[in-house]
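In what follows, a single structure is set out as structure tokens and then discussed.
Please treat every number below as a calculation from the coordinates, not as lab data. The shown structure was predicted, so the numbers you read here are calculated from the model rather than taken from an experiment. Every residue, glycine as well, gets a Cβ built from its backbone with ideal geometry; the counts of neighbours run over all protein chains shown.
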């Protein structure tokens, strides 16, 4: 089971082999969680969304036709769940508590300088990413963190390839701005995709 | 001047062939604003490299795997090795029963004076027994911004028991001795009995499976599902009605509390109706 391609595991599961699904989870759970974490911005919602995504996968797998790669399809399912969570969060005027688990785990004992710097950097970048408007953050996360090719992102988001590239570019510029790297080339980013300008 | 558009993204990614690349570079030589964009986009792309995926919390896939087993068993019973005779009710630790005995009463306040009269948006009559009694069935998760703590529950239990004419939950001496002794006033009890903030039909499936996973195929009719915090952790509160026989009205209410993360059993209790 461990060497079988994803598509084969899907077929095995649909034929009644529950273990095949467990193997798919083992392979992809981390990636789904990473996606949800960067899109939603906090571990609590990311855990919820990951749970919902995996459950959704069980139910929708029958509809997976193998036209796209399993990872593309999985990202699509996960993104739909994340969008649900984002819509919910907009209706929920509740400030998130800052939890210890929001911060990257620190190792006990005196910090190794390089590692400590890396942790600090990661916090800064994660916080900056969370400030990038949703549609552009999604594009950057899918491209630069999930490493999906632009064609796959276009499938996941149901957008033209040109729009995907435009959003990735604008998202990167917005991230650079949030990181305080510079203001030049500031795109008029807006949370609504319909208002976006193409460069 | 026409800016390169999407080609600029490919240029930053360094994925252009020689010709378009030369074209973009010719433009960059003349356009300071695009040069800045390239510099910033590259810096941002590089910055994302420091983000690693943290450890995935344990148990996130439990509900999905349980559901996958169920689905697989339906498709090929001989493969899954699960039989319906494996259904059982777990023996919850005694302290959990005490804690939740109070919780059930607290929940009754949310449920209303009569369970059968739960709001229509949350429950609707799903089946009728021979005697005409109706069993409401949960149709949405009720989301509450409330945290139910151990300390608040005993006082709530006392106050609400009288209001709703429910029998006292069963507690034996040893278990009662382990119960928290705090006795807050009703004032301190009232805040957590929040009204439902919103309804989520979409979450009902997840919540039902989560409760079912935590409590291993619980019996009874799931009449309401409430999502709130229990002891600071997000939890599903499943309210089940249990009838003594097929055609008899329910005579028992059971509350199952399961963690949303990991679908672990947190508390369970019963109350006579």
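Taking label positions 7 Å along the Cα-Cβ direction at both residue A:67 and residue A:2, the computed distance is 3.6 nm, reported to one decimal. With each label modelled as a point 7 angstrom along the Cα→C-beta vector, the residue A:26-residue A:88 pair spans 3.0 nm.
Placing dummy labels 7 Å off each Cα toward the beta-carbon, the span from residue B:145 to residue B:42 is 4.6 nm. The residues A:13, B:237, when put in order of fewest to most other Cβ atoms within 10 Å, stand as A:13, B:237. Calculated FRET efficiency, residue B:233 and residue B:15, Cβ-Cβ r, R0 60 Å, to nearest 0.05? My answer for the efficiency is 0.85.
If the chain linking residue B:58 and residue B:217 were pulled fully straight, counting 0.36 nm for each residue of separation and taking away their Cα-Cα distance, it would gain 55.1 nm. Among B:251, B:62, a tally of other beta-carbon atoms within 10 Å of each Cβ gives an order, fewest to most, of B:251, B:62. By the count of neighbouring beta-carbon atoms within 10 Å, fewest first, A:85, A:75, B:261, B:3 end up ordered B:3, A:85, B:261, A:75. Distance from the alpha carbon centroid of the range A:134-176 to that of the range B:228-254 works out to 45 angstrom.
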